[in-house]
Amino acid sequence: MATVSDHMTPGIGQVAVDAPLTAADGTPLRKKLAQANRRARLRATLLVAPLLLFVLITFIVPIGQMLVRSFHEPTFSEVLPRTTEALKQWDGADLPDEAVFAAFADDLKDAKENRTIGQVATRVNYAYAGSRSAFTSAARKSTGFEAPYKEALIAADDVWGERDLWAVMKRASKSYTPEFYLAAVDRTTDVDGNIVMVDDFRQIYVKILLRTLYLAGVITGLCLLLGYPVAFLLASLPTRTSNLLMILVLLPFWTSLLVRTTAWIALLQSQGIINDVLVAMWLIDDDSRLQMIYNQTGTIIAMTHILLPFSILPLFSVMKTIPPTYMRAARSLGATPWTAFWKIYVPQTVPGIAAGVLLVFILAVGYYITPALVGGQDGQLISNFIALHMQKTLNWSMAAALGGILLATIMVLYWLFNKIVGIDRLKLG
Amino acid sequence: MTVKMVSFNLRGVMNEGNATRRESPDGHVRFVDVQKSYDGETLVVKNLNLDIARGEFLTMLGPSGSGKTTCLMMLAGFETATHGDILLDGKPINNVPPHKRGIGMVFQNYALFPHMTVAENLAFPLQVRKLGKADVEAKVKRALEMVELPQMGARRPAQLSGGQQQRVAVARALVFEPDLVLMDEPLGALDKQLREQMQYEIKHIHENLGVTVVYVTHDQAEALTMSDRIAVFNDGIIQQLSTPDVLYEKPENSFVAQFIGENNRLNGKVTAVSDGDCRVVLEDGREVNALSVNVGGAGSQTTLSIRPERIEIDPASTLPNMLDGKIAELIYLGDHVRTRLEVAGHDDFVVKLPNTQSRRPLHDGQPVKVGWRTEDCRALDPFGG
C-alpha cells in the first residue's frame, strides 16, 4: 500500500477532498448525476401515470368518499340551515325557545318548496323512530303556521312538544357524527348523549360481524384442508397429468359464479339430488330430508367450493419450487415419511399456506352473492347487510360505517398476520 | 488443508491397506444381478454385479445416462431394483425403506433444509433417532469442528458459501455415524479450485473415519484423485472396475481408454496375433505392432490406443513403431507443449511434449517422425462399433 501511494501523483487526493468532482464538461458531478437521473425518473413516472390515475379514481377516491360518508352526514344542516343555527344556542335542558321554533317553521316552508323534507325526515327517523310522519305533515302544513310557532307546531302534532325529539334533532344537525359507527356495533346515544346498547331485538350487527368472521374462518380452514393435498398432488405429478388436473382446478374460475351457486342449490336443496339419492338408498327417511341449504351449511359448502382455487394456486406455486431432494435427504437421514413431510416439507410451504389463508379469508369476509343466494336466514354475512343498507333502506352512511368496520377488521388481521408469519414471506402464486 | 482427526467411534474398521482389502472383500455392499428399468422397455442398469469392501472409497464414473446415479439411488432406497438383490452387510435390503437403511447421503445440490440453521440441519438425523439433547449438542459440535466450521452453527444454509454448504452437507451425512456414505456428484456445483480442495478434504475425512464411501461423478479427474477403486459405467454396464492407475494405464476397452484421460486412436485391422502381441494394418496401409488386449483373431477390426505422453517425436533411438507425421498445431501450456499432428490420415493425433531444456523448437507444417513402444500401444475393441 505504501508503495502505491508513493507513486501517486502528488495532490490528487487533496483535490478530491477540497473541490467537488466535476464532469467532463465542467458541471459539478452531483448536479450532472441528478440531471441524468431526473430524465429517467420523469420517463418512469409518465409510464405509470395512467395506472396511478386509474387507481386514484377507481380505488382511493371511492373508498375515501365512503369512509367520509360513514361519519359525515350533512343532510339536516343543509335542508334546515336556520334551525341548525338556532339549535346551537339551545342548552337542551327544556324545550327550545320560540326562536328555534320560528327558524324551524321558516326552514319547513323552504323544505316544502324544494321537496327535501323527506331526506331530513328519514335522517331523524333513524334515531327517533316514528318521527317521519311528523316532519312530512308539518312541512305540508307549514304555510299555515303563524307566530307563536311553538304553540302552532305543538298544536299540529304533540311530538313537537317532546324534548327528546329536539335533542335528537340537535344531534342530527351536527354534520360530523359517530352515530353510524355506534349503530354498526349495536350501540346508540340516548337523548342525553350517553352511549348505550340498543334494544335487545335490534342488536344484530355485532352478531353478524362475529358470524362473518367465524364463517370466514371455517371456510378458510376447509379450503386449506382440502387444498393442501390437491396442491401437493399437482406439484408432484408429472407435468402432463398435473396440467390436466390444473384445468379441473381452474374450471370453476371460468364458470359464472351464479351458475356454480345455482348448481349447489340443485344439489343441496331438500328436493335436490343429494337428498334424493340418500332417500333412494334408504339412508334417510323421505320426511326427514336434510336441510343443507338456505342456512350456514349452504354458505359454507358453496363458498368453500368457490374459494378453493385461491388456496390451491399459491400453495401449488410454492410447492412447485420445493425440490424432491429435501424429502429424500430427510429420509436418508433417518426420518420416517411422516416426519420428513411434517418437519421438512410443511415448514417450507408456510409462505403458500399464509398466502392462501390470507386470500381466502379476506375474500370470504367480504363475500356477497353466494350467501345471498344460499345463505337463508342465518347464513347471511356482513356484506349482505351492507347491500341491504345500500339498496333497500338507502342508509348509505350506515353501509359505509359497516364497510369501514369490515375494512378495519381486515387491516387488524393483516397486521396480526404480518406479526406472526411476516408479509415478506408471502407468495401469491 | 488438513482435516482434524475426530473420533467418531465407528464400527467400521479403519483403513487397513489397499492390497489386503481388495483381495478379500468382506462385502459391505453387494449388488447381485441387479437390473433396473423405468419404462419396461429398456434397461438403464443391465445385470450389475459389484462387491464393495468395508472402508473402501469406490467411485462410479460414467457419462450422464450411464446408470451410475440409478445404482446409487437403488442403494439409498429411492429406487427399487427391477431384478436382483442389493445386500448390505450380507442382508438383502430391497424391501427396507430408506430411513431404516442407516446410509448417509450427500446430494448434488446439498439439500440442506433452508428453514433450519446449520446446527438444526446437523441435529435433524440425531433428533429423529431420539438422542438426548446433550448428546445431540456434543455430536453437532464435533461434526462442525470436523469440517472446520465451528462458528457457523447459527447460520442459515443460504448465508453460507458454496464450499461451506458442501462441508455442512458432508457433516450432516456423517453426524449420525453411518458406516456407508453415498455421494451423488457432491462437488458439481463448485468452482474448479474449490472442487479440488474439497476432493482432498473428503478423501481425508474418508481416511480418518474409515467409512465406506460410494461416490458418483462424471468427472474422471475427480475419480482418479479420490478413489480406491473406480467402476466405469457406460450404457448400464460396468466397463471396467479397477484402481485408478490400472484404469489409466491398462484400459480394457476403447470406451475406458477414451473416457479416462487423453487418448490417441488409430483404427486398423488385425493381421496376426502371437504371444500377447499383434500386427495391425492401419487404414493407410502402414503396419504397426500393438499389445493384444481386446481383439478377435486375424482379420478383426481394432482400435489402437496410445497415451499422448508415451509418444516421442523424432526419437533418438529407433522404436518398434515409427510413422511419418506433420505438425498441425502447437499449443503452449506452460509445463508442456500440446502438439497436434497429422498421422496415418488422422489430423487429431496429439502428443504432449514436456517443457524441458532438451526441447527442440518445432513449427507448424514441419514433417516429423513419431514413434512409440509396443507395450504402450493397446489394441482394443473397435471404437464406437
The number of residues in the stretch B:269-282 that are within 33 Å of the chain's Cα centre (by Cα) and at negative phi is 8
Within the stretch B:245-263, can one find any residue that is surrounded by 23 or more Cβ atoms within 10 Å (Cβ to Cβ), among the hydroxyl-bearing types (Ser, Thr, Tyr) and not in a strand (DSSP E or B)?
yes
Taking residue B:161 as meeting all but one of (1) away from chain A (no Cβ under 14 Å); (2) under 21 Å from residue B:179 (Cβ atoms); (3) surrounded by fewer than 17 Cβ atoms within 10 Å (Cβ to Cβ), write down the number of the exception.
(2)
Of everything in the stretch A:353-373 that's over 18 Å from residue A:415 (Cβ atoms) and not in a helix (DSSP H, G or I), which residue is farthest from the chain's Cα centre (by Cα)?
A:368
Condition test on residue B:181, is it closer than 22 Å to residue B:98 by Cα and touching a Pro at 6+ places or on another chain (Cβ under 9 Å)?
no
Report yes if some residue within the stretch A:111-123 is in a helix (DSSP H, G or I), within 28 Å of residue A:202 (Cβ to Cβ) and touching a residue at least 60 places away in the same chain (Cβ under 8 Å); otherwise report no.
yes
Could you check, for the stretch A:290-297, whether at least one of its residues is within 14 Å of another protein chain (Cβ to nearest Cβ), surrounded by 24 or more Cβ atoms within 10 Å (Cβ to Cβ) and touching a residue at least 24 places away in the same chain (Cβ under 8 Å)?
no
Meets criteria (modelled with pLDDT of 85 or more, closer than 22 Å to residue A:120 by Cβ, out of contact with any Lys or Arg (no Cβ under 7 Å at 6 or more places or on another chain) and not assigned by TED's automatic domain parsing to the domain that holds residue A:347) for residue A:187:
no
Select the helices (runs of 4 or more DSSP H) contained entirely in the stretch B:50-163, then report the ones holding at least 2 residues which are touching a strand residue (DSSP E or B) at 6+ places or on another chain (Cβ under 7 Å).
B:68-76
Scan the stretch B:135-158 for residues that are closer than 23 Å to residue B:206 by Cβ, of a type in the set (A, V, I, L, M) and within 14 Å of chain A (Cβ to nearest Cβ) and report the count.
2
Hits in the stretch B:87-134 - residues which are more than 10 Å from chain A (Cβ to nearest Cβ), surrounded by fewer than 18 Cβ atoms within 10 Å (Cβ to Cβ) and more than 24 Å from residue A:338 (Cβ to Cβ):
B:87, B:89, B:90, B:91, B:92, B:134
Selected residue (only one of B:330, B:304 is within 30 Å of residue B:359 (Cβ to Cβ) and touching a His at 6+ places or on another chain (Cβ under 8 Å))
B:330
Within the stretch A:316-359, how many residues are within 12 Å of chain B (Cβ to nearest Cβ) and aliphatic (A, V, I, L, M)?
10
I'm trying to understand the selection: among the residues of the stretch B:283-305, which are within 27 Å of the chain's Cα centre (by Cα) and over 16 Å from residue B:344 (Cα atoms)?
B:291, B:292, B:293, B:294, B:295
Unmet criterion (only one of (1) surrounded by 20 or more Cβ atoms within 10 Å (Cβ to Cβ); (2) within 23 Å of residue B:88 (Cβ to Cβ)) for residue B:207
(1)
Among the candidates A:49, A:24, A:36, single out the residue that is out of contact with any Gly (no Cβ under 7 Å at 6 or more places or on another chain), assigned to a helix (DSSP H, G or I) and at pLDDT below 90.
A:36
Could you identify the single residue in B:159, B:127 that is farther than 21 Å from residue A:332 by Cβ and at pLDDT 90 or above?
B:159
Filter result (within 14 Å of another protein chain (Cβ to nearest Cβ) and either touching a Lys or Arg at 6+ places or on another chain (Cβ under 6 Å) or surrounded by 22 or more Cβ atoms within 10 Å (Cβ to Cβ) (or both)) within the stretch B:53-69
none
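Suppose the filter is without any contact (Cβ under 8 Å) to a residue 24 or more places away in the chain and out of contact with any Asp or Glu (no Cβ under 8 Å at 6 or more places or on another chain); does residue B:297 pass it?
no
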Restricted to the stretch A:75-109 and to residues being among the small types (Gly, Ala, Ser) and part of a loop (DSSP other than H, G, I, E, B), the residue surrounded by the most Cβ atoms within 10 Å (Cβ to Cβ) is A:92
Under 9 Å between Cβ atoms, which residue pairs at least 6 apart in sequence (or on different chains) link something in the stretch B:171-186 that is closer than 21 Å to residue B:93 by Cα and more than 9 Å from every other protein chain (Cβ to nearest Cβ) with a partner that is assigned to a helix (DSSP H, G or I) and of a type in the set (D, E, K, R)?
B:177/B:139
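The values are calculated or read from the model by the stated rules, or taken from the named source; none is laboratory data. Note that the coordinates shown come from a computational prediction; the quantities given were computed from them, not determined experimentally. Note that we place each Cβ from the backbone using ideal geometry, even for glycine, and neighbour counts take in every protein chain shown.
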